[in-house]
Amino acid sequence: MRIVHLAVAAAALAGSVMLSGPAAAQAPAAGGCYAGSMLNMTYGPRDTVTGTMSSCGSPLLPGVSGGLLTFSYPGVPFAGVFVPVPPGTGNVAWSNGQQSALSGIYNQNVAVNTFAITGGAAAGHHLVVNESIGRKGTDRLISALLAP
């Protein structure tokens, strides 16, 4: 009898979910870049990450089809694991010749990093960088979306 009650409750729950429907995942209205390259990491007094972005489209960046992301931050051993990640600065050189200045924190131990666009094209918005995390030196840029 208990199994029947559980089955009825599960069916009722599934029915209410199906009636309301799942929220559709949508890209931010501001657009972005939907593909990218392997990320190149350079370590030193200032660690630097670079990667190309492609399949771009945004009303904030008319005519942009891609860009080169460069972000540098102070190299701190075990940053993001045992100590806070220090803030850094960066730049996006867009395919139409425009530039965007970035600031924020790049944590190579997480898959999503958000940078404030502090100057140039799309200033006042954010660049949300999604990447796949592989073994050290094999991270790949998946997307870079523009958000308010």
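The values are calculated or read from the model by the stated rules, or taken from the named source; none is laboratory data. Quick caveat: nothing in here was measured; it's all calculated off a predicted structure. Cβ placement follows ideal geometry from the backbone for every residue including glycine, while neighbour counts extend to all protein chains displayed.
Some points to look at:
- Put simply, of THR89, THR114 the only residue that is closer than 17 Å to GLY67 by Cα, surrounded by 13 or more Cβ atoms within 10 Å (Cβ to Cβ), in contact (Cβ under 8 Å) with a residue 24 or more places away in the chain and of a type outside the set (A, V, I, L, M) is THR114.
- Qualifying residues in segment 31-61 (those that are in a loop (DSSP other than H, G, I, E, B) and under 14 Å from the mean Cα position of the chain (by Cα)) - the one farthest from SER132 (Cα to Cα): GLY31
- Within segment 117-132, the set of residues being surrounded by 14 or more Cβ atoms within 10 Å (Cβ to Cβ) and of a type in the set (Ser, Thr, Tyr) comprises just one member, THR118.
- Tally, over segment 75-86, of residues that are farther than 15 Å from LEU102 by Cα and either surrounded by 13 or more Cβ atoms within 10 Å (Cβ to Cβ) or of a type in the set (S, T, N, Q) (or both): 5
- Meets criteria (out of contact with any Ser or Thr (no Cβ under 7 Å at 6 or more places or on another chain) and either assigned to a loop (DSSP other than H, G, I, E, B) or among the aromatic types (Phe, Trp, Tyr) (or both)) for VAL64: no
- Residue in segment 118-127 that is within 13 Å of the chain's Cα centre (by Cα) and either under 15 Å from LEU68 (Cβ atoms) or among the basic types (Lys, Arg) (or both) present: yes
- Within segment 52-73, the set of residues being more than 13 Å from LEU102 (Cβ to Cβ), surrounded by 13 or more Cβ atoms within 10 Å (Cβ to Cβ) and not polar (S, T, N, Q) comprises CYS56, GLY57, LEU60, LEU61, VAL64, GLY66.
- Residues satisfying the stated conditions in segment 67-100, i.e. of a type in the set (Gly, Ala, Ser), outside any strand (DSSP E or B) and at pLDDT 95 or above: SER95, GLY97
- Take the conditions (1) more than 22 Å from MET38 (Cα to Cα); (2) part of a strand (DSSP E or B); (3) of a type in the set (Gly, Ala, Ser); ALA123 misses just one of them, which is (2).
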